[in-house]
Structure formats: C-alpha cells, structure tokens
C-alpha cells in the first residue's frame, strides 16, 4: 500500500534561522525549507505551524508573525494557528480581553490557537477567560499538559486531568486538542504520578483518557511527538480500538523539533502498518492521517 499523503497537526519552524541561537541541547527548530524537505521524506502534504509565545522551555519565542510569513511563502505546504499567552497585557489575576487579538488573527487566516504552553493551572482564571474568547471566536485550542508549576512548560493538571475536565464542561463549544506525556499517559488505567511525565510501557487497560473522550465531544487528540506515538505503539491492539472508537477526533502529527528527530519515521511505519494489516479500516486511517485535519483547516 502506498503511504497516504498526510497532514501534520503539530509543526514548529523558525522563519529566520540565521538569527536564532541554538538551544541548550545544541539544536533549533527547522526552517520552513528544512521542514518541507523532511515532509517530502515522510509523505506529508501539509503542516500546521504552531507558534510558541510563552517563555517556559524556549530559548526564543516562535512568533505568530513567523508562522504567517512561512505559510504565505508556502501556501500549499503550511497552514497556521495563532497563539497568545493568557498572562499577557494585565499580567495579573484579573483576566485580559483578547477578543480583538483573536479576531485580528482569525481575519488573517488563523485556523486555531496553540501550542498553549503557559505554565499556569489549566483552570486558572486567566486561562479560563482565554478559553472563553477562543470559544467565542470559534478557534480550537491545541495544548500541552504539564505536571506542576515550574516543571518545564505546559498547562498544569493533576493525575486524571480534573482541571481539564472542568474546562471541558465549562466551554462545551470549544474544541480542545490534547498533547504531551501527562496527557497521553492517561491512556491506561495504571497511570501514576511517578510515570505520568514519562513514556509508560506495557499493555493498556483503558484509562481516564477514554472516559474523557467518551463524555466530552469537545475533546480531541494530537498524536504527535514521542508521547502520542508511545501511547499507541505500547499496545497495538488497544491502539486500533482507540483509533476506531474516536476516529473523528484524532489528528496525526509529528512535532519535529530538530533535524535529528527519528520518531516521525517510526510512528509513520506503525500507523501505516495498522492499516496495511487490517487492524484499522482504511476509512479510519484516512480520517486520522488526513481528513480530520483537512476539515479543520478547510483545505
């Protein structure tokens, strides 16, 4: 079977790499041209560029403007989300009004918001208020979950994601797209505080994530990075069941952060293999790898 031309829901670039210093690991995000070359190797038709504007975990911000620049330069290869840090403007407990900014980005062509990496509680009043503005604007939010304040980057939630559930209930018209190790570790019921920020192994007993997906139609999943890949690859049988049950709310992704990343190639082989072996129907494979994202992006 020839690999399907896929859409990557989770992409990062630096628009002007000549001015960006290397990070603490001696690498940087790829340029648009470098990412396109990687996409050609991976049979990826289009990527969704995600700016990162929060300071946590970043050498320099990945600007919204840089994503717009790259998407306009290569309109057949990139779409883009906008991003806002909920602590901006007032930078206090009193939430800021971001309606004008989201309206501005949406008019320019933004198809969503993210990657949200602000290291504050998921139900912080500022985050809650920001979700209200996203809901009003009709822009889905792609987010990264973290395990604690000061623990690298991402919206903070406890084991079982109770704060996320609170937001899912409060903002039923807002599409939440989940990502990160603490998000995907909830795939299995044997999740613990000790392993939730890692890449758990072994057979999956359907856990908290299955429950949240069943109860809240506004929750979707981002399969990118080692976290999404590991959640499926650790137990192919349950992966197939998960993909089939939630086929309309799962997005294929890569999260390529350096030229040395190998996980997108490994995961592509895995998900292609699920279809080739008949573990998942071709209709499910197409939805997850392309059609769901195409619908979201209007391409």
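Our estimate of slack between residue 297 and residue 18, defined as 0.36 nm per intervening residue step minus the Cα-Cα distance, is 97.4 nm. Picking from 240, 103, 94, which is most flexible by a Gaussian network model of the chain using Cα springs under 10 Å? The residue that fluctuates most here is 94.
Between 248, 40, 190, the Gaussian network model of the chain with springs among Cα atoms under 10 angstrom shows the greatest mean-square fluctuation at 40. A simple spin-label model places pseudo-atoms 7 Å from Cα toward Cβ; at residue 159 and residue 25 they are separated by 2.7 nm.
Rounded, prolate or oblate, given the Cα gyration tensor of the range 227-299, with a/c below 1.5 counting as rounded? Don't jump to the answer; show the numbers that get you there.
Details: a/c = 1.81, a/b = 1.10, b/c = 1.64.
Since a/c reaches 1.5 but b/c is at least a/b, the shape of the range 227-299 is classed as oblate.
Inter-part distance, the range 243-299 to the range 167-237, computed on C-alpha centroids, equals 16 Å.
Can you give the Rg to Rh ratio of the range 112-204, both from alpha-carbon atoms, with Rh computed by the Kirkwood formula? Show your work: numbers first, answer last.
Details: Rg = 13.1 Å, Rh = 13.4 Å.
Checking Rg against Rh, the ratio lands at 0.98.
Computed from the C-beta positions of residue 266 and residue 92, the FRET efficiency with R₀ = 30 Å rounds to 0.10. Rounded is the label for the range 177-252. Its Cα gyration tensor axes, ordered a ≥ b ≥ c, give a/c under 1.5.
Remind me, what semi-axes does the range 15-92 give for its equivalent ellipsoid, largest first in whole Å, using sqrt of 5 times each Cα gyration tensor eigenvalue?
Working: eigenvalues 114, 54, 21 Å².
Gyration-tensor ellipsoid for the range 15-92: 24, 17, 10 Å.
Across every direction, the projection of the convex hull enclosing the Cα atoms of the range 6-297 has a mean area of 13.9 nm². With the alpha-carbon atoms of the range 81-163 aligned to their principal axes, the span from lowest to highest coordinate is 37, 24, 20 Å, starting with the largest.
Both radii come from the Cα set of the range 1-149: Rg as radius of gyration, Rh as Kirkwood radius; their ratio Rg/Rh reads 0.99. The mean sequence distance of close C-alpha pairs (under 8 Å, at least 6 residues apart), as a share of the length of the chain, puts its relative contact order at 17 percent.
Give the order of 213, 187, 29 when sorted by the count of other beta carbons within 10 angstrom, beginning with the fewest. Don't skip to the answer; put the middle values down first.
Numbers: 213 20, 187 27, 29 24.
Arranged by neighbour count, lowest to highest, 213, 187, 29 become 213, 29, 187.
For 233, 155, the sequence from fewest to most other C-beta atoms within 10 Å is 233, 155. Remark: relative contact order (the range 175-283) = 25 percent; criterion is Cα-Cα distance under 8 angstrom and separation of 6 or more residues.
When a footprinting reagent is the concern and you count Cβ atoms within 10 Å, what order do 205, 147, 122, 260 take, fewest first?
So the ranking, lowest neighbour count to highest, is 260, 205, 147, 122.
Backbone N atoms of the range 141-158 closer than 17 Å to the 7 Å Cα→Cβ label point of residue 215 belong to residues 157-158.
Readers should treat all values here as calculations from the given coordinates under stated rules, not as data from a laboratory. Quick caveat, the model's predicted, so the values are computed rather than measured. Positions of Cβ are backbone-derived with ideal geometry, glycine not excepted, and every protein chain shown enters the neighbour counts.
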